[in-house]
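Values in this text are rule-based calculations from the coordinates and carry no lab data. Not measured: the values here are computed from a predicted model. Glycine also receives a Cβ, built like all others from the backbone with ideal geometry; neighbour counts cover every protein chain displayed.
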Amino acid sequence: MKIILLGAPGAGKGTQAEVICAHLSIPTISTGNIIREALKSGTEMGKKAKSYMDAGQLVPDDVVIGIIQDRLAQDDCKNGFILDGFPRTIPQAEALDNMGIVIDKVIDIEVPDEKIVLRMSGRRVCEKCGASYHMLYKKPAVEGVCDKCAGALVQRKDDHPDTVKNRLKVYHDETEPLKAYYEKQGKLVVVEGQEEVADTTRLTLAALES
């Protein structure tokens, strides 16, 4: 089965990708990971991506698409795959169609923006050991202090409310139109993200069978 996972940053796509991966025994193709792999292995497309990244520029669509195409041609993708983080835009989705890759299902994990801001802005990370906490869901015993190593807990720049709101705006402007694109193709299934991860997982697995 060939699956695309959609959802705003912080909607919990990564966790659901892991569940589907285990359930169907197919690989998860995360754009960030495969770009890093291509850089490490020094593929032609990896070298192209590196030249843009070294110059502090975004990797353009044609290079990202080339890297995706190389990855999907590998043996472990023969029985299907999960795409997480690609496509991000309509042109990328069209490029995927033009490759002749037929997607079976697009699962959209929906979580309201205000909940995402609360989830992400509440995260804290230990400066010393990297342990993660949440000011609502996983509090440390002593506020601001890591339970494991007594290091200071900090908020990552990515988790600052203003940064989260900006990332959500980019998602709504650039990626959300994909919902209509795949709905027209009859491939979109919406899963309402729940408070408990296990409940979202149950709905995601049900969506695979629908």
Subject >> Reach of residue 169 by Cα under 29 Å, taken over lysines that are not fewer than 8 positions away in the same chain >> reply: 2, 13, 48, 50, 105, 115, 138, 139, 157, 179, 184, 187
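Run the numbers for residue 113 and residue 176: contour at 0.36 nm per residue of separation, minus the present Cα-Cα distance, in nm.
Details: separation 63, 0.36 × 63 = 22.68 nm, distance 1.28 nm.
Result: 21.4 nm gained on full extension.
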Original post:
Between residue 53 and residue 202, how many nm apart are label points set 7 Å from Cα along the C-beta direction?
Top reply: 4.0 nm
**OP:** Would you mind checking which residues have amide H under 5 Å from residue 83's amide H? H placed 1.01 Å from N; only 5 or more apart, or other chain.
**Re:** 3, 4, 5, 29
Original post:
What is the gain in length, in nm to one decimal, between residue 150 and residue 190 on full extension, counting 0.36 nm per residue of separation less the C-alpha to C-alpha distance?
Top reply: 10.2 nm
Original post:
Residue by residue, what Karplus-based ³J(HN,Hα) values in Hz, rounded to whole numbers, does segment 14-24 have, using 6.51, -1.76 and 1.60 with θ = phi - 60° and x for Gly and Pro?
Top reply: x, 5, 5, 4, 4, 5, 5, 4, 5, 5, 9
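Among 186-197, 133-144, how do they line up from the highest to the lowest mean number of other beta-carbon atoms within 10 Å? Kindly include the intermediate steps, with their values, before the conclusion.
Numbers: 186-197: 14.9, 133-144: 12.6.
Going from most to least packed, we get 186-197, 133-144.
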**OP:** Kindly state, to the nearest 0.05, the FRET efficiency for residue 1 paired with residue 94, given R0 = 25 Å and r defined as their beta-carbon distance.
**Re:** 0.70
**OP:** Pull up all non-local amide H partners of residue 147: gap of 5 or more, or a different chain, and H-to-H distance under 5 Å with H placed in the peptide plane.
**Re:** 141
Subject >> Fluctuation leader among 49, 11, 131 - the chain, Gaussian network, Cα springs under 10 angstrom >> reply: 131
Original post:
Using θ = phi - 60° and the Karplus form 6.51 cos²θ - 1.76 cosθ + 1.60, what ³J(HN,Hα) does each residue of segment 204-210 get, whole Hz, x for Gly and Pro?
Top reply: 5, 5, 5, 5, 5, 7, 6
Original post:
So for the pair residue 33, residue 132, with labels modelled 7 Å out along Cα→Cβ, what separation do we get in nm?
Top reply: 1.4 nm
Original post:
Which of 119, 36, 167 moves most in a GNM of the chain, Cα contacts under 10 Å?
Top reply: 36
Original post:
Modelled label-to-label distance, residue 163 and residue 41, 7 Å Cα→beta-carbon offset: nm?
Top reply: 3.1 nm
**OP:** Kindly state, to the nearest 0.05, the FRET efficiency for residue 142 paired with residue 209, given R0 = 41 Å and r defined as their beta-carbon distance.
**Re:** 0.35
Subject >> From phi via Karplus (6.51, -1.76, 1.60), per-residue ³J(HN,Hα) for segment 166-171 in Hz, x at Gly/Pro >> reply: 5, 5, 5, 4, 4, 4
